Amino acid sequence: MAMTLLATNTPSGVSSSAFTSSIDSTYKLYIFKFINIAMATNDAEFTWNGSTDSGSNYNATKTVSAFASGHNEDDSDAFMEYKGGSDLYQSTAYQNISQDPEGTGTESEAAGSGTLFLFNPSNTTYVKHFYCVFTFLQTTPSAWSMHTSGYFNTTSAIDAVDFKPSSGNFSGTIKMYGVG
């Protein structure tokens with residue numbers, strides 16, 4: 001299957017970055033690529049949400065589960081753990097893409113990259129599944145990988161998505177692809 005680049009957002013010092021067009025019935029799979037996402041505020045988490053009204057509101061109900069793995073640079077710790085603090089149950093809140101008590105850090109090298117898969121968002125019969133893998137430098141320093149998966153619990157089409165930090169601004173590149 002071919003990936004077709006539909007849009008590229010290059011947020012720079014902004015509080016959110018939305019994709020409000022091209023999420024339609026053309027493709028059954030949409031892939032978002034995050035490249036060097038950097039928070040301007042330490043302790044900020046990278047988050048996202050969906051919309052059923054072309055971006056007027058980002059409050060789609062979702063259920064999500066999360067886990068993380070990581071390894072400290074000094075080899076003092078390696079782990080894989082359930083991240084219950086990032087789970088959502090029938091919530092309209094923004095979902096964490098990165099979850100970390102120290103955020104992604106504001107150091108010059110601290111940034112994250114990853115991929116989000118959104119399945120069949122225009123379907124009006126079933127819920128819309130998604131999963132995301134996001135890797136980032138945590139300020140310990142250590143390499144983290146956050147894994148989230150879940151579904152939008154709506155039969156309405158998800159026709160827009162928004163990405164933002166939990167506080168402050170962010171920069172980076174987000175690319176949206178259609179696959180089909």
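The values are calculated or read from the model by the stated rules, or taken from the named source; none is laboratory data. Computed from a prediction, not measured in an experiment: that's the story for all the values here. When we count neighbours, we look across all protein chains shown, and the Cβ atoms used for this are built from the backbone with ideal geometry, even at glycine. Protein only, heavy atoms only, side chains kept; ligands, DNA and RNA dropped before computing areas. Shrake-Rupley method; radii C 1.70, N 1.55, O 1.52, S 1.80 Å.
Using amide H atoms built in the peptide plane, which far-off residues or other-chain residues are under 5 Å from Lys83 H to H?
Ala66, Phe67, Ala68
Excluding ligands, DNA and RNA, what is the solvent-accessible area per residue of the chain at a probe of 1.4 Å, expressed in Å²?
44
Starting from the Cα of Lys83, step 7 Å along the direction of its Cβ; do the same at Leu5; then give the gap between the two resulting points in nm.
2.8
How fast does segment 5-65 diffuse by Stokes-Einstein, in µm²/s, taking the Kirkwood radius from C-alpha pairs at 20 °C and 1.002 mPa s? Please report the intermediate quantities before stating the final value.
Numbers: Rh = 13.9 Å.
Stokes-Einstein gives a translational diffusion coefficient of 154 µm²/s.
Any chance you could list P(r) for segment 1-106, counting all Cα-Cα pairs in 10 angstrom bins from zero, rounded to whole %?
Reading upward from the zero bin: 11, 35, 37, 14, 2.
Give me the one-decimal nm value for the distance between modelled label points at Ile35 and Ser113, 7 Å along each residue's Cα-to-Cβ direction.
About 0.8 nm separates the two model spin labels.
Pop out the ³J(HN,Hα) list for segment 162-171 in order, Karplus 6.51 cos²θ - 1.76 cosθ + 1.60 with θ = phi - 60°, rounded to Hz; leave Gly and Pro as x.
10, 10, 7, x, 5, 7, x, 10, 8, 9
Could you derive backbone 3J(HN,Hα) for segment 51-65 from the dihedral phi with the Karplus parameters 6.51, -1.76 and 1.60 (θ = phi - 60°), listing whole Hz in sequence and x where the residue is Gly or Pro?
Once rounded to whole Hz, the list reads 10, 10, 10, 6, x, 5, 9, 10, 8, 5, 5, 9, 10, 9, 10.
Which one, [x] -0.44, -1.27, -1.38; [y] -0.66, -1.24, -1.31; [z] -0.77, -1.18, -1.26, gives log10 I(q)/I(0) by the Debye sum over Cα atoms at q = 0.11, 0.19, 0.20 Å⁻¹ as derived from the coordinates shown?
For log10 I(q)/I(0) by the Debye sum over Cα atoms at q = 0.11, 0.19, 0.20 Å⁻¹, the calculated option is [x].
Please list 3J(HN,Hα) in residue order for segment 73-80, calculated via the Karplus relation 6.51 cos²θ - 1.76 cosθ + 1.60 where θ = phi - 60°; whole Hz, with x for glycine and proline.
Each residue's phi maps through the Karplus curve to give 4, 7, 6, 7, 7, 9, 7, 9 Hz.
Going by amide H atoms built from the backbone, whose H comes under 5 Å of the H on Ala111, apart from near neighbours?
Under 5 Å from the amide H of Ala111: Leu137.
So what's the gap between the Cα centers of segment 126-149 and segment 29-68, to the nearest angstrom?
Spelled out, the Cα-based centre of one part sits 11 Å from the other.
Using a 1.4 Å probe over the heavy atoms of the protein chains, calculate the carbon and sulfur portion of the accessible area of segment 59-180 as a whole percent.
50
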